[in-house]
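Just so it is clear, none of the values below were taken in a lab; they were calculated from the coordinates. The model shown is predicted, which means the values in this text are computed figures rather than measured ones. Don't worry about glycine lacking a Cβ; one is built from the backbone with ideal geometry, like all the others, and counts go over all protein chains shown.
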There are 4 protein chains.
Amino acid sequence: MSELEEVMGEIRAFVAARGWEPFHDPKNLAMAVASEAGELCAELRWIASDRADEFTQRPDVRQGVEDEAADVAITLLMFCDRVGIDLVSAIRRKLKKNALRYPEPREGQAAGAFPVPEPER
Amino acid sequence: MSELEEVMGEIRAFVAARGWEPFHDPKNLAMAVASEAGELCAELRWIASDRADEFTQRPDVRQGVEDEAADVAITLLMFCDRVGIDLVSAIRRKLKKNALRYPEPREGQAAGAFPVPEPER
Amino acid sequence: MSELEEVMGEIRAFVAARGWEPFHDPKNLAMAVASEAGELCAELRWIASDRADEFTQRPDVRQGVEDEAADVAITLLMFCDRVGIDLVSAIRRKLKKNALRYPEPREGQAAGAFPVPEPER
Amino acid sequence: MSELEEVMGEIRAFVAARGWEPFHDPKNLAMAVASEAGELCAELRWIASDRADEFTQRPDVRQGVEDEAADVAITLLMFCDRVGIDLVSAIRRKLKKNALRYPEPREGQAAGAFPVPEPER
């Protein structure tokens, strides 16, 4: 069993022990993902981009950031479990799609020549 | 190497091949997570809760839902990689915290006696 | 002066009295909007669609919902103020664009024949 | 009639002409707000904080930013209309609450001495 399947089992047991399954339809869980993503944003909204690396390493900040990242992951895994999505396979399929959409820069072309504005990446 | 570490390596290679690292500070990536979570919400915003399970199984819907779930995961993994968060460990720590906050119902207490409204779960 | 301009003045005074302008660049404020939108979602994530109307009228729920709606509006107005967007004009322009994208149903065509799934409305 | 009430009337007419009311319960609309907030984030996710002011003034960027801000406002106004929230009053009430939570700096205290990290503002 993979590490992710193991942790998925732990999440499933957590939900079952509390009888929360009736609340975990895909719509509710997608909303929960957005809500947790909003909390992750809250952690970083007032810090400037160029200070964000250093900021997230501060002992008084890091724990909150980790917790919010974990909450996004937990709700997303609950969503995938309910819908029947194998997340690792879905990631790999999506990376292939993204590779078509954003081809690697050709030789001689500047890597990182990122098209800003880049609203739809 | 775990399955998740493998896929993380693939994501890292994808980013490196395009020279995107300079854009991937933690603030930008947290914003990208919120943006992808918003797209996941978009897939499910007009469907009623009690039809959401059936809806996400429709062949013409499922692919989009999988893609959006994958995008949330990809941006979240990029975020964790940049900040140095081991996501599986973070999930386990957070589940323990959540267990303190939402204790299992005691014997005789209705499981699933979910306190609705439940704004801060 | 319109009611909205008045309330914008009050928000501006609130920010100035606390010296928060340096934190209010458009990126930070867009992130703050997402964070407040996430909190609005949190209020409604566990309630079924068909009970959401009744739910939001409950005295113990309504205040929280109002507060979160207000926070989304406040951060959005701060964003518009910083960027120099006249929000009412922007809404009217966008409604015109949306009208092209979603034409009114023609006579004989069912109104409300909403194309579900409707991922990009 | 205030400017905001006027534009609310236009939004209401837009929705009625398309027969969309059945889809506009408060849960769906909260989700739509999150989805539009995500699109606003998408516009600004790759630009550094200290370049965001200049960026949002670029002619090729500004229109998209305005459109996304308008979409957040439109969905939020639909939400308030459905729930029966007078948005301007709600904003004023919330500003008063926020003033208690974030008192003005006293004389001699540095204005703008913003407590960063500031995860719960």
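Structure summary
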read-out: Per-region count, the range B:53-70, residues crowded, with 24+ Cβ neighbours inside 10 Å and under 16 Å from A:Thr75 (Cα atoms); value: 4
read-out: The range A:63-80, residues that are more than 15 Å from the chain's Cα centre (by Cα) and away from chain C (no Cβ under 14 Å); value: A:Gln63
read-out: Selection from the range D:56-86 of residues that are out of contact with any Asp or Glu (no Cβ under 9 Å at 6 or more places or on another chain) and in contact (Cβ under 8 Å) with a residue 60 or more places away in the chain; value: D:Leu77, D:Met78, D:Asp81
read-out: Residue list for the range B:19-48, restricted to those being more than 7 Å from chain D (Cβ to nearest Cβ) and among the small types (Gly, Ala, Ser); value: B:Gly19, B:Ala30, B:Ala48
read-out: Filter result for A:Asp53 (among the charged types (D, E, K, R) and over 19 Å from B:Asp86 (Cβ atoms)); value: no
read-out: Residues located in the range A:1-18, provided they are at the interface with another protein chain (Cβ under 7 Å from one of its Cβ atoms) and surrounded by fewer than 18 Cβ atoms within 10 Å (Cβ to Cβ); value: A:Ser2, A:Glu3, A:Glu10, A:Ala17
read-out: Of all residues making up the range D:49-62, the number that are more than 14 Å from chain B (Cβ to nearest Cβ) and among the hydroxyl-bearing types (Ser, Thr, Tyr); value: 1
read-out: Subset of the range C:21-34 [touching a Lys or Arg at 6+ places or on another chain (Cβ under 9 Å) and farther than 26 Å from A:Ala34 by Cβ]; value: C:Glu21
read-out: Residue list for the range B:85-104, filter: surrounded by 15 or more Cβ atoms within 10 Å (Cβ to Cβ) and over 16 Å from A:Ala73 (Cα atoms); value: B:Tyr102
read-out: All positions within the range B:21-46 that are closer than 19 Å to A:Asp81 by Cβ and either aliphatic (A, V, I, L, M) or touching a residue at least 40 places away in the same chain (Cβ under 8 Å) (or both); value: B:Ala37, B:Leu40, B:Leu44
read-out: Residue match in the range C:69-80 (condition: in contact with a Ser or Thr (Cβ under 8 Å, 6 or more places away or on another chain) and either within 27 Å of D:Pro22 (Cα to Cα) or among the charged types (D, E, K, R) (or both)); value: no
read-out: Matching residues, the range A:19-38, being among the small types (Gly, Ala, Ser) and either over 30 Å from C:Met31 (Cα atoms) or surrounded by fewer than 17 Cβ atoms within 10 Å (Cβ to Cβ) (or both); value: A:Gly19
